[in-house]
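Only the coordinates and a few stated rules stand behind these numbers; no lab work does. Nothing here was measured: the structure is a model prediction, and the numbers come from that model. Methodologically, a virtual Cβ is constructed for each residue, glycine included, from the backbone with ideal geometry; neighbour enumeration extends over all protein chains shown.
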Amino acid sequence: MTETLHRLVYYSRNHTSGEDAVFSAHIDDILAKSRINNTRDQITGALLFNAGCFAQVLEGPLPNIEAAFERIQQDDRHGDVSLLALDPIDTRSFPNWAMGFVGTSSVDAERFADIGSSSGFDPSRLSGDQIYTLLRNLTIEEEADA
Ligand code: FAD
């Protein structure tokens, strides 16, 4: 039986050290683990970090997304995890990304200057739709540059 695809969007606040090297190591670790688990679980999506906040889109079979989100919520590297959207979808928007990572480069900051200036680059002030659109546009740009 084919599982119905769903898309989940949340944001959270970083709880790891602000020191660049330590933070980079945490991000590397999170992305490496995410790419292994998400490939196994048929989950695709993207993760944004900006202004001390994470925002993430996960898409895939509903039980797999719910299990991943349970684990993510228990991770003490971030907190104040807020679910913004969980909706059925017809097709994936991040088919090539077991977990893309965007938002930290100055180029990315310029790309989302419009939405950023209205929110102060604060994902907690964006809706689920805005975060989804932002991440989709940033990953499309990344794919075009690759
Ligand atoms: P293991 O890797 O065996 O980890 C066991 C436990 O240790 C887990 O509770 C884990 O949270 C904790 N843990 C492991 N390493 C550290 C560390 N360095 N510091 C603190 N606690 C640690 N996981 C996904 O599978 N897919 C995702 O898309 C995803 N996105 C994430 C986004 C963010 C912003 C964050 C902070 C985490 C994300 N994770 C994601 C990681 C997730 O929170 C779990 O750590 C991971 O799924 C656990 O994988 P595992 O069950 O194989 O357990």
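Summary table
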read-out	value
Rounded FRET efficiency, nearest 0.05, which uses the C-beta distance separating residue 145 from residue 83 and R0 of 35 Å	0.65
59, 66, 19 arranged by Cβ crowding within 10 Å, fewest neighbours leading	19, 66, 59
Modelled FRET efficiency - R0 25 Å, residue 127 with residue 70, Cβ distances, 0.05 increments	0.60
Ranking of 43, 27 by count of other Cβ atoms within 10 Å, fewest first	27, 43
